[in-house]
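Trainee: Can you read through this structure? Questions will come right after.
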């Protein structure tokens, strides 16, 4: 019991630091980011050491791959995020989600209060409220990360009030931000919820379809980027995102490569008016082909494993974020994709011996 309290305490602190790092940018505390990262990595190391017998070769192979990518590109995002996930794997996932909801809701509420007080004043973009975040889409994303985690938490609930709260969160935020991407994601998440309730995901065809979802979304994003970026109808529906996607991936001198680029590549090559609102395309571009393909493969295997175990709530959490990733760059940041921790769980089910095997006692 004391060991669980010790691990949970460190895990909760890691979650707080990760979410606070996300809000630090909006609270005008960007200089704290590197200190938060250092403390988080130290705390995660303690959990990884404590939980060392539950990791296998694949866990550390991907960590090594992300480390190589960091050395070559100076982009620490993937190796940092994954390292925190390895640490948080030592905790029970539902505990992680509970505290993620509490901490995210608290910081989100504080920020909204600062908006009301005029500390971070609202700036309206074509009548859309940004709640002081600087962009209506960012405000919606900040709410959505709480919404998707809460949806996971109440997946099996029979209380109507839980689902009324879900509806109100989306309704109120959409009426202010008018974020079509967020609203469509929420609707598709509800559709996925209904399908999951009706389908036996342990069967062959449903499990294969669900498991292939990350790969199919990645392929769709790349096909649109390379072959359909000039299509008028697609650009109109996706708010001209494909044009920007193509500008990054197909850049004449700094296009897609094996190990990606430094995180400030956008500031170097492009302007703020050329965003890259796609978790798939941005991750592929910034992390490179090697790490991205490995990450998507791990996601696919994790979803397949969750299907076999009939963990529909965890499937929904991952799928909801993967849907949003199609039009927002939120795939490889823990505060906006808490489901990444489940990848560590999924890989742990691969039948490979642990690097630190448990010694069996000899029979007398």
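The values are calculated or read from the model by the stated rules, or taken from the named source; none is laboratory data. On a predicted model such as this, the values are computed, not experimentally measured, just so you know. Positions of Cβ are backbone-derived with ideal geometry, glycine not excepted, and every protein chain shown enters the neighbour counts.
Trainee: Just the residues that are modelled with pLDDT under 90 and touching a helix residue (DSSP H, G or I) at 6+ places or on another chain (Cβ under 7 Å), please, taken from the range 271-288.
Mentor: 274, 275, 276, 277
Trainee: Of these, 296, 321, which one is under 25 Å from residue 68 (Cα atoms) and touching a residue at least 12 places away in the same chain (Cβ under 8 Å)?
Mentor: 296
Trainee: Sticking with this one: Those residues that are surrounded by 12 or more Cβ atoms within 10 Å (Cβ to Cβ) and at positive phi, I need them from the range 108-132; list them, please. Spell out how you get there, then give the answer.
Mentor: Filtering the range 108-132 for residues surrounded by 12 or more Cβ atoms within 10 Å (Cβ to Cβ) gives 108, 110-112, 114-116, 119-123, 125, 128-132.
Result: 131, 132.
Trainee: Further, regarding this structure: Determine, yes or no, whether residue 235 is modelled with pLDDT under 95, touching a helix residue (DSSP H, G or I) at 6+ places or on another chain (Cβ under 6 Å) and either more than 30 Å from residue 102 (Cβ to Cβ) or surrounded by 19 or more Cβ atoms within 10 Å (Cβ to Cβ) (or both).
Mentor: Criteria met by residue 235.
Let's see how each residue does on (1) under 25 Å from residue 149 (Cα atoms); (2) within 18 Å of the chain's Cα centre (by Cα):
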site: 267; (1), (2): no, no
site: 270; (1), (2): no, no
site: 275; (1), (2): no, no
site: 293; (1), (2): no, yes
site: 297; (1), (2): yes, yes
site: 305; (1), (2): yes, no
site: 316; (1), (2): yes, yes
site: 319; (1), (2): yes, yes
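Trainee: Continuing with this model, one more query. Among 150, 140, 155, which is buried (at least 17 other Cβ atoms within 10 Å of the Cβ), closer than 21 Å to residue 96 by Cβ, without any contact (Cβ under 8 Å) to a residue 60 or more places away in the chain and under 23 Å from the mean Cα position of the chain (by Cα)?
Mentor: None of the others qualify; the one that does is 150.
Trainee: Does residue 204 count as free of Cβ contacts under 8 Å to residues at least 60 places away in the same chain and more than 20 Å from residue 141 (Cβ to Cβ)?
Mentor: The answer is yes for residue 204.
Trainee: Please specify each residue of the range 248-258 satisfying the condition of being under 21 Å from residue 65 (Cα atoms) and surrounded by fewer than 18 Cβ atoms within 10 Å (Cβ to Cβ).
Mentor: Residues satisfying the conditions are 255, 257, 258.
Trainee: Another one. For the range 300-310, does any single residue satisfy the condition of being farther than 19 Å from residue 152 by Cβ and either at pLDDT below 95 or surrounded by fewer than 22 Cβ atoms within 10 Å (Cβ to Cβ) (or both)?
Mentor: Checked the range 300-310: at least one residue is farther than 19 Å from residue 152 by Cβ and either at pLDDT below 95 or surrounded by fewer than 22 Cβ atoms within 10 Å (Cβ to Cβ) (or both).
Trainee: Go through the range 68-92 residue by residue and tally those that are free of Cβ contacts under 8 Å to residues at least 60 places away in the same chain and either more than 19 Å from residue 36 (Cα to Cα) or touching a strand residue (DSSP E or B) at 6+ places or on another chain (Cβ under 7 Å) (or both).
Mentor: Residues flagged as free of Cβ contacts under 8 Å to residues at least 60 places away in the same chain and either more than 19 Å from residue 36 (Cα to Cα) or touching a strand residue (DSSP E or B) at 6+ places or on another chain (Cβ under 7 Å) (or both) within the range 68-92 amount to 2.
Trainee: Could you grab me the full set of residues in the range 176-192 that are more than 21 Å from residue 210 (Cα to Cα) and surrounded by 20 or more Cβ atoms within 10 Å (Cβ to Cβ)?
Mentor: Start the filter on the range 176-192 by keeping residues that are more than 21 Å from residue 210 (Cα to Cα), which leaves 176-183.
Those that are more than 21 Å from residue 210 (Cα to Cα) and surrounded by 20 or more Cβ atoms within 10 Å (Cβ to Cβ): 177, 179, 181, 182.
Trainee: Please name all residue pairs, on different chains or six or more residues apart, with Cβ atoms under 9 Å, provided the first residue is in the range 168-180 and is under 22 Å from residue 237 (Cβ atoms) and the second residue is surrounded by fewer than 16 Cβ atoms within 10 Å (Cβ to Cβ) and modelled with pLDDT of 95 or more.
Mentor: Filtered contacts from the range 168-180: 170/187.
Trainee: Please work out which one of (1) part of a helix (DSSP H, G or I); (2) surrounded by fewer than 16 Cβ atoms within 10 Å (Cβ to Cβ) is the condition residue 207 fails and give its number.
Mentor: (2)
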